[in-house]
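Since the structure comes first, as structure tokens, the remarks are kept for the end.
The values are calculated or read from the model by the stated rules, or taken from the named source; none is laboratory data. Predicted model, so just to flag it, every value in this text is computed and none were measured. We place every Cβ from the backbone using ideal geometry, glycine too, and count neighbours over all the protein chains shown. For accessibility, only protein heavy atoms count, side chains too; no ligands or nucleic acids. Shrake-Rupley method; radii C 1.70, N 1.55, O 1.52, S 1.80 Å.
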Amino acid sequence: MLRFSAPLIPTYLLWWITSASDRWFVIGMVGETENGIYSVGYKLPTLLMLVTTMFYQAWQMSSIEERDSRTLGKFYENVFGTYTSLLYIAAAGLIMLSKPLTYILTGNGEDSRFFEAYRFTPILITAMIFQCFCQFLSSVYQTKKKSVNSC
């Protein structure tokens with residue numbers, strides 16, 4: 001158990017450090033107002049991650065159940081293809097709706113000083129897509145008990 005879980009400890013620790021420190025870097029580099037803009041811009045990508053986390057939990061159970069199947073490679077390929085397609089469609093939809101959704105989120109609309117967050121949302125959504133891919137692929141390594149290769 002220790003041999004399997006030990007490589008995952010630095011991975012999760014570094015993910016935690018990265019996600020916890022980004023706001024401190026924004027405050028230190030450009031200021032608190034920009035951190036507020038960053039926080040508003042991060043709301044929509046977080047919504048995408050929430051949905052994919054629910055899928056991820058179901059996917060982990062399915063991948064473990066199918067672990068010994070002869071058609072395992074095809075199963076992973078089909079699921080990853082569908083997952084990728086749905087993720088791109090959801091991301092494109094969020095990017096397309098980022099301006100109206102930011103208008104709603106900021107309350108005061110275009111008069112709000114945080115409304116400009118919609119400009120940064122596409123970049124954050126793109127980063128979230130890569131995080132979703134990493135999460136999906138790391139589950140394959142965990143299923144195969146090769147956690148050393150995990151993201």
* Can you tell me which residue in the stretch 27-57 is farthest from THR106 (Cα to Cα), limited to those that are open to solvent by less than 30 Å² (accessible area, probe 1.4 Å) and over 17 Å from the mean Cα position of the chain (by Cα)? -> GLY31
* Quick one: which residue in LEU105, LEU86 is hydrophobic (A, V, I, L, M, F, W, C) and in contact (Cβ under 8 Å) with a residue 12 or more places away in the chain? => LEU105
* In this structure, does MET1 turn out to be open to solvent by 50 Å² or more (accessible area, probe 1.4 Å) and modelled with pLDDT of 75 or more? -> no
* To do: Considering every residue within the stretch 112-128, establish whether at least one is loosely packed, with under 12 Cβ neighbours inside 10 Å, at pLDDT 85 or above and not aliphatic (A, V, I, L, M).
  => no
* Limited to the stretch 70-104, what total is found for residues that are among the hydrophobic types (A, V, I, L, M, F, W, C) and loosely packed, with under 14 Cβ neighbours inside 10 Å? -> 5
